[in-house]
Amino acid sequence: MNREYIQYNNDMKYFHFTLFNLRDDLKIEMEDQQSISRSMRNYKKELMEATMMVIKHYNAENNYIIPEEDRTIEVNTIMVKCDNDHPAVYYSLKETGFAICEYCNMKYVYSVNY
């Protein structure tokens with residue numbers, strides 16, 4: 001065998017060896033990325049569950065019920081503003097004569113006699 005053939009063979013062996021190592025490194029890297037991806041998904045899921053638990057606990061602690069008769073307010077204007085522990089919202093009583101707040105269920109009734 002001539003020297004160039006041996007050198008070529010050795011170079012090819014080294015090339016194949018390098019390719020196999022690269023392939024294995026890529027496999028490991030892909031597995032690591034998938035593992036990290038799974039970890040991130042689990043982290044996001046756990047964070048969301050913890051957040052929901054805090055919200056549920058807070059709502060349960062601060063939940064109170066206002067009796068129906070106390071939730072009805074007679075007013076003498078056709079435009080009312082409601083801001084009972086929620087963002088301020090405005091309702092028009094012109095068409096129906098009443099409005100129910102979407103946040104707190106407070107009922108506003110237009111009354112001429114009020």
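Read the figures in this text as sums done on the coordinates, not as results from a lab. The structure displayed is predicted, hence computed values, not measured ones. Counting neighbours? That spans all protein chains shown, and the Cβs are built from the backbone with ideal geometry, glycine included.
Compared with the direct C-alpha span, the chain from Ile28 to Ser111 gains 22.4 nm at full extension, assuming 0.36 nm per residue. Charge dipole of segment 68-110 (Cα centre as origin; +1 on each Lys and Arg Cβ, -1 on each Asp and Glu Cβ, all else neutral): 200 debye, rounded to the nearest 20. Distance between the 7 Å Cα→Cβ label points at Asp85 and Glu68: 2.1 nm.
The share of alpha-carbon pairs in segment 68-110 lying farther apart than 11 Å comes to 59%. Projecting the Cα positions of Thr77, Met106, Ala88 onto the charge dipole of segment 68-110 (unit charges on Cβ atoms of Lys, Arg, Asp and Glu, taken about the Cα centre) puts Thr77 furthest along the positive direction. With neighbours defined as other Cβ atoms within 10 Å of a residue's Cβ, the residues Tyr91, Tyr103, Tyr43, Tyr108 order from fewest to most as Tyr43, Tyr103, Tyr91, Tyr108.
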